[in-house]
Amino acid sequence: MQDIIKKHLKAAQAVLNKNHAGSYTIPSSSLYPHQWNWDSGFIAIGYSHFNTGLAIKELQSLFSAQWRNGMLPQIVFNRNSLGRYFPEPDFWQTERSPNAPERFLTSGITMPPIHAVSVLKIYENAQDKQKVIPFLKWIYPKLMASHRYLYLERNLNQDGLIYIRHPWESGMDNSPAWDKVLRKIDLSGIRLPEYRRKDTESGVSSDMRPTKQNYDYFVYFMELFKKAKYEEKEIAKECPFLVCGPLFNAILCASNEALIKISDIIGKPYQEIEQWYSLTSKSIRDKLYHEEHGIFDAYDLRGKELLELETASGFLPMFGGAASQEQAEKIYRYLDSKSFCALHQGNCFTIPSYDTQKEGFKRENYWRGPVWININWMLVQGLRRYGFGQKADSLSRHILELPIRFGFYEYYDSFDGRGYGSKNFSWTASLFIDTAYETYVKAGARAYAGAAENILFRDRVLNKTGKQTDISGIRISQEMIKAVKEIKSRYYTPKGTVDYESIKTSGEYKNYKKITANLRGFDLTLLKGETEKLAFWINLYNTIVVDGIIENRVKESVKEVIGFFSRIKYIIGGYSFSPDDIEHGVLRANSRKPSRVWKQFGLLNAKRKFSLRHIDPRIHFALVCGSRSCAPIKYYTSEGIYDELEMATKNFINSSEVMVIPEENRILISQIFKWYRSDFGGLPGILNIIRKYILDDDKKIFLDNIKDDLQIDYLYYDWNLNK
Ligand code: 9WN
């Protein structure tokens, strides 16, 4: 693992350590000195990678304060830290409810139910899974009770859409989404009790926090709850704020899904949970999707209308799988646009909590614009699930890059990355740990686990059989790419996996194979000029790799097949070409493969005549090696090849494969730069190409003024399939 990641993993652990308060972890010492509900869910996920015991303790502590009706409270107060937060138990007066726990002081509302997801992660990440079973058995009935409470007490229309009755329950307290409901409530004639906020006295600027007016509403709802003795039916009659949001309900879906898996592990029935899952996910799809806006929206149960507001929570139905594939594709268009920071846009960090183009977007105010790490983290998983791997990688990179460059803040500026809110914020540290482990530690282990399962001792010609048809010349490569795209669009499942078994017997694959048969008779001397050759060979490399993955039944990584790049071949015009021949022999003007001492084509090799005359280093950004760390597959044309290579280079330099960290005087770059250093003209050439294509102005300025002691790390190369 790179030193810089190791260093920040330690720093992240130090944040959790510092915030650890005995049996749980506070969100941050300056603003939040008690235990918080969904924070602990995210915090446990970080611990699960390096200390299963602490992860378990975190949730045990929270669930010990569960209410008798199953409600998991938003805050469990630490008796020794009282006086530093508003509102505290004296204000909540939860003792008015017969359901409040006796031994614990808690608030009287709940939060998004992420915990089953966390419990499953604890189990999955444990070195010794058996040791986690007693904890699973302990927490299972409690998780069931917390979900059952939601379906019984917060399910007004019995459609599985759970409502929140206080903005704090959303976790996105002052989201602009709630404005419309709040504005309808007239507080002018109402006498609110005196209260004194502590958040604005904690050193955090009040510009970053909710307004006084927001707090008045917060207090007003609390007064209603107290009057109703926290009796849900009574509250449902009285409370003007009853909202079914996409974030809360999407998280519930993800947790139902996790709870099904947990039940299975400990041998419990899960029909009831399956029913919850289908009910909620169907209602999210049918009732919360805003067709015109292309995003999910919150529903106001009182006003009986969608709130018509585009916030980051509207993308969350990808997490937990509630969105249909079609809806996911539509909301993706919005997610990957200027509104929420598009891929390779430059000068922006994904994803702001509110549409940056809307009036009311505030770059430093809490849930009205800044980037929050937990939202990104849930979206990474949602995006992967629906097949948007590249975007998921880019969000993951920002989960790492923001804390590395600016510190472990509560939230960040979407344009320049500056940290806001409280420092040393626990879930930022925790989800940094999870992302670093998933990206650098586990991905490496997974990719290499299957290595040597499949060794190609002999060449495997992939286009040996099949009748040749009349497709000829350059059209062959065009048709091949088209056929590969058809395969991809049909056989990539919504879960982001590739159904290789079905591909092998499919009509689309047969069609593809027919086209490749034509290569056997293709006269390579027909390729004229550099542009035609470049496009043909790049396209060919990209399709032979896909074909090799299918033919060799690769599951997770091309690394499972030893000899993959040198022994799979296509016969072209009587010559056999492997991916290595194409890359090092032809495209790299007959060079050495990294780690080899000889050139790809020896002196007597007849294929030497097909080698290009010089190396265009931009080819490295266009060759798709079937792995996450290389470029996404595209079709290159002889007429447009130079522009297309420019685009591929720009995409790559601004992707997760290049991390420029001015604050640390460091860059972290893909191994590709190390392996093909000489193709780029050595280190100066590498720096030049990054400087030329990078879009972020701060990074450009940094690269224009490089100091001698610039540190360069090479990013782990992710050989997992680019599925
Ligand atoms: C009220 C603790 C919590 C988070 C919320 C975040 C903020 C509290 C506050 O801090 O809310 O719950 O006082 O502002 O909005 O998501 O759980 O980190």
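The values are calculated or read from the model by the stated rules, or taken from the named source; none is laboratory data. All values reported here derive from a predicted model rather than from experimental measurement. Counting neighbours? That spans all protein chains shown, and the Cβs are built from the backbone with ideal geometry, glycine included.
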- If you take the residues of the range 301-351 that are among the β-branched types (Val, Ile, Thr) and in contact with a strand residue (DSSP E or B) (Cβ under 6 Å, 6 or more places away or on another chain), which of them is farthest from SER175 (Cα to Cα)? ILE331
- Query: How many residues are away from the ligand (no atom under 16 Å from the Cβ), under 21 Å from ASP355 (Cβ atoms) and assigned to a loop (DSSP other than H, G, I, E, B) if we restrict to the range 372-407?
  - Reply: 2
- Item | Residue count, the range 206-235 (criterion: touching a residue at least 40 places away in the same chain (Cβ under 8 Å) and not in a helix (DSSP H, G or I)) | 5
- For the range 130-143, indicate whether the set of residues that are within 28 Å of the chain's Cα centre (by Cα), crowded, with 18+ Cβ neighbours inside 10 Å, of a type in the set (Lys, Arg) and not in a loop (DSSP other than H, G, I, E, B) is non-empty. no
- Task: Confirm whether SER64 is within 15 Å of the ligand (Cβ to nearest atom) and more than 30 Å from the chain's Cα centre (by Cα).
- Result: no
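Name the residue, out of LEU683, LEU668, LEU687, that is over 21 Å from the mean Cα position of the chain (by Cα) and surrounded by 15 or more Cβ atoms within 10 Å (Cβ to Cβ).
Matching residue, one of LEU683, LEU668, LEU687: LEU687.
Identify, please: which residue in the range 170-229 is among the aliphatic types (A, V, I, L, M) and within 15 Å of the ligand (Cβ to nearest atom) and is, among those, farthest from SER28 (Cα to Cα)?
At the first step, the residues of the range 170-229 found to be among the aliphatic types (A, V, I, L, M) are 172, 177, 181-182, 185, 187, 190, 192, 204, 208, 219, 222, 224, 228.
If we keep only those that are within 15 Å of the ligand (Cβ to nearest atom) as well, we get 172, 177, 204, 208, 219, 222.
Working: MET172: 17, ALA177: 26, VAL204: 12, MET208: 16, VAL219: 23, MET222: 24 Å.
By that ranking, first place goes to ALA177.
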- within 16 Å of the ligand (Cβ to nearest atom), under 20 Å from ASP697 (Cβ atoms) and among the acidic types (Asp, Glu) - does that describe any residue in the range 362-371? yes
- Query: Is it the case that PRO98 is under 29 Å from the mean Cα position of the chain (by Cα), assigned to a loop (DSSP other than H, G, I, E, B) and more than 20 Å from TYR123 (Cβ to Cβ)?
  - Reply: no
- Qualifying positions in the range 67-93 - at positive phi and within 31 Å of the chain's Cα centre (by Cα): GLY70
- Task: Of the conditions (1) farther than 24 Å from ARG460 by Cβ; (2) crowded, with 16+ Cβ neighbours inside 10 Å, SER566 clears all except one; give me its number.
- Result: (1)
- Do any residues in the range 22-48 that are in contact (Cβ under 8 Å) with a residue 60 or more places away in the chain have Cβ atoms under 9 Å from those of residues that are part of a loop (DSSP other than H, G, I, E, B) and of a type in the set (Asp, Glu), where the two are at least six apart or on different chains, and which pairs are they? PRO27/GLU410; SER28/GLU410; LEU31/GLU410
- Task: Would you point out which residue out of GLU292, GLU326 is out of contact with any Phe, Trp or Tyr (no Cβ under 8 Å at 6 or more places or on another chain), of a type outside the set (S, T, N, Q) and assigned to a loop (DSSP other than H, G, I, E, B)?
- Result: GLU292
- Query: Residues in the range 32-51: is at least one in a loop (DSSP other than H, G, I, E, B), more than 12 Å from the ligand (Cβ to nearest atom) and among the hydrophobic types (A, V, I, L, M, F, W, C)?
  - Reply: yes
- Item | Answer from PHE621, PHE673, PHE652 - the residue that is over 30 Å from GLY407 (Cβ atoms) and surrounded by 21 or more Cβ atoms within 10 Å (Cβ to Cβ) | PHE621
- Message: Condition (residue is more than 30 Å from LYS131 (Cβ to Cβ) and not basic (Lys, Arg)) applied to the range 52-73: is it met by at least one residue?
- Response: yes
- Kindly indicate whether ARG154 is more than 16 Å from the ligand (Cβ to nearest atom), touching a Gly at 6+ places or on another chain (Cβ under 6 Å) and at pLDDT 95 or above. no
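With the condition being small (Gly, Ala, Ser), I'd like the helices (runs of 4 or more DSSP H) fully within the range 489-606 carrying at least 2 qualifying residues.
Because the criterion is at least 2 residues that are small (Gly, Ala, Ser), the helices (runs of 4 or more DSSP H) in the range 489-606 that meet it are 507-517, 529-551.
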- Item | Test: residue in the range 263-270 that is among the hydroxyl-bearing types (Ser, Thr, Tyr), part of a helix (DSSP H, G or I) and touching a Phe, Trp or Tyr at 6+ places or on another chain (Cβ under 6 Å) | yes
- Test GLY245 against the stated conditions and say whether it is within 22 Å of TYR366 (Cα to Cα) and crowded, with 22+ Cβ neighbours inside 10 Å. yes
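What tally of residues in the range 655-712 results from selecting those that are in a helix (DSSP H, G or I) and among the β-branched types (Val, Ile, Thr)?
Qualifying residue count for the region: 5.
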- Message: For the range 20-31: of the residues being outside any loop (DSSP other than H, G, I, E, B) and either crowded, with 24+ Cβ neighbours inside 10 Å or among the hydrophobic types (A, V, I, L, M, F, W, C) (or both), which is nearest to the ligand (Cβ to nearest atom)?
- Response: SER28
